[in-house]
Amino acid sequence: MTGTVRRVEGGDMPQVSAPSAGQLLQFVRQGRARTRRDLMELTGLSRSTVAQRVEQLVSAGYLREGGVDVSTGGRRPSLLRIDEGSAVVLAAHLGATHGRAAVVDLSGRTLAESAGRLSVADGVEPTLAWAASRFHGLLAEAGRSMAEVCGVGLGLPCPVDRRTGRVIPTPMLSAWGDHDIVAALSAQFPGPILADNDANMMALGEFTAIEAGCPTLVLVKVGTGIGAGIVEEGRVLHGAGGAAGEIGHIRLRGHDDVLCGCGAHGCLAAVASGAALARDLGRSDPSVRETADVVRLVQAGDAAAVRRTREAGRVLGEVLATLVSVTNPGVLVVSGALARTGEHLLSGIREVVHQVARDRSTRGLRIVEGRLGERAGVIGAASMVVDRVLAAEAVDARIAGPRLPVG
C-alpha cells in the first residue's frame, strides 16, 4: 500500500467561519493546501492564527513541515505534510480459511505484512489470537512499538454491528456467537478498534486504488462464500441493520434442490461460490476440496472446471445485475479467491449484467478484477482507521493531549 491514503469515510469538510486545527488538517489531507499561505487563502484566517493551528498540529504529531514550494515572491514557503511516521495502524483481513495482517503508517505505506492459513470455524478466540500473534510479530519486524499503535482495523467473514462491535450471529459461523470483538481487542491494543464485514473492508480498499472521478464502487467477493461491499463517495453503505451487501443467501429460482450451509435451499453461495464449485467438481475428482483447487484446475485448462466457473459467473451476473441497477456504480470489482480464475468468471458476469441491468445503469460501467488482490482487505481496514484517527473531530478533541498515537 503506497501513496497517500484517500480520505474515505469523512466526506467533504463543512465550510465554517473559523476552521479548527483539525479542519485545517483535512485541507492538507485532501491536497487542497500545501503551505500555510494556502490555508490562509482557503480559510480567511490570519497569518498568526494559521501559524498557531499548524504549530499545534506539528507538536501533536499530525503534521510536519519539510521542503519548499515555488515562491510567488519573497521567501519560499515550507510544505506541509501528514507526519506519517508518528504512529502506525494494525490491520487484518480474516477470511474463512486464510488471513492477512499488516502494520501501516499514516500515509498508507505498508511497513510489514504477512499471510497464512487459519480457520474461522474454530471460533472467535483462536481467530483473534492468530491476528494478535501476527500483529506482535509484525511490529517487531517493522521496528515499531506498541506505544506507537494508534488503532486496529479488522475485516471479518461475517456481519458486524458497528455500533456495538459485536458479531451478528449467522448459521454459517455459529461458533462465533454474539462475541464482542472490540472489547476483546481493546484489552490488548490501544486506539480505536474498528471491525467490519470483510467485503466492506475490501470494497473500501479497492476504492482507495481507483481513479478519481468514480463516486460509486461495488465489490463482490467470491471465495468460500459470497458477499458484496458498496462504497458511495468514500463511505461504506451498511444499511439500517448492517446487512447491506449480504447477497450470498439470496434465493435463486431453479436451484431449490441445492442445500446451503445456512439451512435454506437455492442460496447464491450454495450455487456459485468457490465452496460450491469445489463440492460439485469434487464428486468426480476427490483431490478438489476447496476454492484453491478449483482455481488450480481452471488455470490448468480443465474443461469441467472452466465450464462450471463460467456457469457460476452467469449465475452471479443475475444477482449483480439487480445490484448494479439499484446502485449504478462506475466500477464493479470482482475479488476473492475465485476471482483468480480471471476472464472465465468475469465473462459470465459481464454477459448477464449487460443483458439484464438497465442500459443507463451499465453505461460506462467497468466490470474488472480487483487491482489489490488479496491485499484489498488490509488496505481497506487500515484506511478506515487512519480516517478515524485523523478526522477533524478526533484531532480537535486530542490536540491538547500527548503526541500521537492518540487511541
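Against the conditions (1) of a type in the set (Asp, Glu); (2) more than 19 Å from Gly313 (Cα to Cα); (3) in contact with a strand residue (DSSP E or B) (Cβ under 8 Å, 6 or more places away or on another chain), where does Glu211 fall short? Just the number, please.
Failing condition for Glu211: (3).
Looking at this structure, is Val334 in contact with a Gly (Cβ under 8 Å, 6 or more places away or on another chain) and either among the β-branched types (Val, Ile, Thr) or crowded, with 24+ Cβ neighbours inside 10 Å (or both)? Write out each step before concluding.
On the way: in contact with a Gly (Cβ under 8 Å, 6 or more places away or on another chain): yes; either among the β-branched types (Val, Ile, Thr) or crowded, with 24+ Cβ neighbours inside 10 Å (or both): yes.
It is true that Val334 is in contact with a Gly (Cβ under 8 Å, 6 or more places away or on another chain) and either among the β-branched types (Val, Ile, Thr) or crowded, with 24+ Cβ neighbours inside 10 Å (or both).
Hey, could you check the stretch 343-396 for residues that are β-branched (Val, Ile, Thr) and over 21 Å from the mean Cα position of the chain (by Cα) and say which is nearest to Arg162 (Cα to Cα)?
Step one: filter the stretch 343-396 for residues β-branched (Val, Ile, Thr), giving 349, 352-353, 356, 362, 367-368, 378-379, 385-386, 389, 395.
If we keep only those that are over 21 Å from the mean Cα position of the chain (by Cα) as well, we get 349, 352-353, 356, 362, 395.
Details: Ile349: 31, Val352: 34, Val353: 31, Val356: 34, Thr362: 32, Val395: 21 Å.
Among residues in the stretch 343-396 that are β-branched (Val, Ile, Thr) and over 21 Å from the mean Cα position of the chain (by Cα), the one nearest to Arg162 (Cα to Cα) is Val395.
Can you tell me which residue among Val231, Val288 is among the aliphatic types (A, V, I, L, M) and free of Cβ contacts under 8 Å to residues at least 24 places away in the same chain? Step through it out loud before you land on a result.
Numbers: Val231 fails: free of Cβ contacts under 8 Å to residues at least 24 places away in the same chain.
Every option except Val288 fails the conditions.
Taking the stated definitions as given, is Ser325 in contact (Cβ under 8 Å) with a residue 12 or more places away in the chain, of a type in the set (S, T, N, Q) and part of a helix (DSSP H, G or I)?
Details: in contact (Cβ under 8 Å) with a residue 12 or more places away in the chain: yes; of a type in the set (S, T, N, Q): yes; part of a helix (DSSP H, G or I): yes.
Yes, satisfied.
Applying the selection to the stretch 362-386, what residues are buried (at least 20 other Cβ atoms within 10 Å of the Cβ) and of a type in the set (Gly, Ala, Ser)? Spell out how you get there, then give the answer.
If we filter the stretch 362-386 for residues that are buried (at least 20 other Cβ atoms within 10 Å of the Cβ), which is where we start, we get 362, 367, 370, 375-386.
Listed by number, the residues that qualify are Gly370, Ala376, Gly377, Gly380, Ala381, Ala382, Ser383.
In the stretch 92-198, which strands (runs of 3 or more DSSP E) lie fully inside it and hold 2 or more residues that are among the β-branched types (Val, Ile, Thr)? Before the answer, list the steps.
Details: elements: 98-105, 110-117, 149-156, 193-197.
Of the strands (runs of 3 or more DSSP E) lying wholly inside the stretch 92-198, those with at least 2 residues that are among the β-branched types (Val, Ile, Thr) span 98-105, 149-156.
Applying the selection to the stretch 261-286, what residues are in contact with a Leu (Cβ under 9 Å, 6 or more places away or on another chain) and surrounded by fewer than 17 Cβ atoms within 10 Å (Cβ to Cβ)?
His265, Asp285
What is the number of the single condition among (1) part of a loop (DSSP other than H, G, I, E, B); (2) closer than 22 Å to Val334 by Cα that Gly254 does not meet?
Only one criterion is unmet by Gly254, namely (2).
Out of all the residues in the stretch 223-251, which are in a loop (DSSP other than H, G, I, E, B) and of a type outside the set (Gly, Ala, Ser)?
Thr224, Glu233, Leu237, His238, Glu246, Ile247, His249, Ile250, listed by residue number.
Among the residues of the stretch 338-361, write down those that are crowded, with 18+ Cβ neighbours inside 10 Å and either outside any helix (DSSP H, G or I) or not assigned by TED's automatic domain parsing to the domain that holds Val271 (or both).
Once the filter is applied, which keeps residues that are crowded, with 18+ Cβ neighbours inside 10 Å and either outside any helix (DSSP H, G or I) or not assigned by TED's automatic domain parsing to the domain that holds Val271 (or both), the stretch 338-361 yields only Ala357.
If I ask for residues that are farther than 22 Å from Gly205 by Cβ and in contact with a helix residue (DSSP H, G or I) (Cβ under 8 Å, 6 or more places away or on another chain), which ones from the stretch 149-169 would you list?
Matches in the stretch 149-169: Thr164, Arg166, Pro169.
If you scan the stretch 390-401, which residues turn out to be under 21 Å from Leu204 (Cα atoms) and crowded, with 23+ Cβ neighbours inside 10 Å?
Leu390
Regarding Thr309, is this residue farther than 24 Å from Ala96 by Cβ and within 28 Å of the chain's Cα centre (by Cα)?
Details: farther than 24 Å from Ala96 by Cβ: no; within 28 Å of the chain's Cα centre (by Cα): yes.
No.
Do you know which of the residues in the stretch 176-188 that are buried (at least 19 other Cβ atoms within 10 Å of the Cβ) and of a type outside the set (Val, Ile, Thr) is farthest from Arg235 (Cα to Cα)?
Selected residue: Trp176.
So, Thr216, is that one of a type in the set (Ser, Thr, Tyr) and surrounded by 19 or more Cβ atoms within 10 Å (Cβ to Cβ) or not? Give the steps one after another, and end with the answer.
Numbers: of a type in the set (Ser, Thr, Tyr): yes; surrounded by 19 or more Cβ atoms within 10 Å (Cβ to Cβ): no.
Criteria not met by Thr216.
The values are calculated or read from the model by the stated rules, or taken from the named source; none is laboratory data. Bear in mind the structure is a predicted one, so any value in this text is a computation, not a measurement. Glycine also receives a Cβ, built like all others from the backbone with ideal geometry; neighbour counts cover every protein chain displayed.
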